[in-house]
Amino acid sequence: MINFAASEIGIDLTNPFGRVYYDRKAGVEDRAPLPLDTIRTVQAECRKLDDDLRWLVALVSDTGMRLAEAAGLLKGDLQLDDPIPHVIIQEHPWRLLKTAGSTRKVPLVGASLWAAQRVQECVTDSKFAFPRYNKTGQTNANSASAALNKWLKIYVPKKGTMHSFRHSMRDRLRAVECPADIVDQIGGWQTEGVGHSYGSGYPLDVLAKWIKTAA
């Protein structure tokens, strides 16, 4: 940034930070994806316990959503009457999104579809899909993370967390040879290249085909 600014205003400047090395991985904890059999075990336990915490786990497990994205959903974001059931991930005043590319629609299949159906059937006194994490005007994703990671410990390998489902979804889509730009659209990851910023992306039926294959 310093070099760019200097060139723009036409001055000769030696950047004092030019030779500073920054390790992007320093201090970043490795978050390993979860094996598919572990995901299946967790999903089965979610169906057994069948409460709002487990609905949240199940919803994340087959969509690859960030936990905060899921915890801040409205019931109206769960489009179950659509020919292709899906979740609309969009900004709300109580829960912003990480990037502009995070705004997206993700088809609901498997455990995520079950979880969305349970939310619509059982949450009758709130506009929020997960009311317990939306009581203060801001989605309490940290509280959700602490509670769910504590429960997951007995089922997942060491270092496995709720965020591991997101890593796993990327691997599951790769395993079925899903095109990289479709993987990025499902997960709300930034796709490199100017051309990818044009248009509205792949239609739901295309996304559904790949996410069903991965599920």
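Bear in mind these aren't lab numbers, they're just calculated from the coordinates by the rules spelled out. If you're wondering where the values come from, they're calculated on a predicted model, not measured in any experiment. All Cβ positions, glycine included, derive from the backbone under ideal geometry; neighbour counts span all protein chains shown.
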- line: Net charge (Lys, Arg +1; Asp, Glu -1) of residues whose beta-carbon lies under 15 Å from that of Gly72, Gly72 excluded, is +4
query: What is the extension gain from His92 to Lys48, computed as 0.36 nm multiplied by their sequence separation minus the C-alpha to C-alpha distance, in nm to one decimal?
result: 12.7 nm
query: Taking a threshold of 24 Å on the Cα-Cα distance, which of the pairs Lys158/Lys209; Lys75/Lys150; Lys98/Lys212; Lys150/Lys209; Lys48/Lys150 fall above it?
result: Lys158/Lys209; Lys75/Lys150; Lys98/Lys212; Lys150/Lys209
query: List the trypsin sites (Lys or Arg not before Pro) in region 135-166 that DSSP assigns to loop (not H, G, I, E or B) and whose Cβ has at most 15 other Cβ atoms within 10 Å. Which are they?
result: Lys135, Lys153, Lys158, Lys159
Cα radius of gyration and Dmax for region 88-131 (Å): 12.2, 32
- request: Can you pull the one-decimal nm distance between simple spin-label points at Asp125 and Asp82, each 7 Å off the Cα toward Cβ?
  value: 3.0
statement: One point scatterer per Cα, no solvent, Debye formula: log10 I(q)/I(0) for region 29-173 at q = 0.09 Å⁻¹ comes out as -0.24
task: Identify the GluC sites (Glu not before Pro) of region 113-215 meeting these criteria: DSSP loop state and at most 15 other C-beta atoms within 10 Å of the C-beta.
output: Glu177, Glu192
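Which shape class applies to region 108-169: rounded if a/c is under 1.5, otherwise prolate when a/b exceeds b/c and oblate if not, where a ≥ b ≥ c are the square roots of the Cα gyration tensor eigenvalues?
Taking the square roots of the gyration eigenvalues as a ≥ b ≥ c, region 108-169 is oblate.
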